[in-house]
Amino acid sequence: MVKDKEENPLKKIGEIITGIFAGRSLEYLEAELRELENVFALILLGSFVGLPSPPSTISLRLLPYMGREILVMYKRSERLDDVLGEMAGLFDIT
C-alpha cells in the first residue's frame, strides 16, 4: 500500500501537467476561432480578392453581422507582413 506522502508529489505533478496542457489547448482553440472568423469573412467578401463568393443576397443578409469581422480583417491587413512568423510564434517554433 502506498502512503499519502508518496502520492502527493505525483498528484501535484499530474495536476501541473494537466494545467499546462489545458492552457496550451485553450490558446490553440482561440487561434483556430480567429482563423475561422477570417475564413467566414473571406467567403462572404471573397469577390474583393477574386474568389468566387456566395449569391449576393446571402452576403447582403449577413453583412449587418459582419461588423466585427470587417474590423478584424482591417487590423490584420495592417500587420500582415509576416503571417508565417505569427503562426510560428503560436506554436513556439524557433
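Computed quantities for the displayed model
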| read-out | value |
| --- | --- |
| The stretch 4-90 - charge dipole about Cα centre, Lys and Arg +1 at Cβ, Asp and Glu -1, debye rounded to 20 | 320 |
| Kirkwood Rh and Cα Rg combined as Rg/Rh, the chain | 1.27 |
| Charge dipole of the chain about the Cα centre (unit charges at C-beta), most positive-ward option of Tyr28, Ile17, Pro52 | Pro52 |
| Taking the chain and dividing mean pair separation by its residue count, relative contact order in percent (alpha carbons under 8 Å, at least six apart) | 21 |
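Computed from the coordinates by the stated procedures, all read-outs in this text should not be read as laboratory data. The model shown is predicted, which means the values in this text are computed figures rather than measured ones. Here the Cβ is made from the backbone with ideal geometry for all residues, glycine too, and neighbour counts use every protein chain on show.
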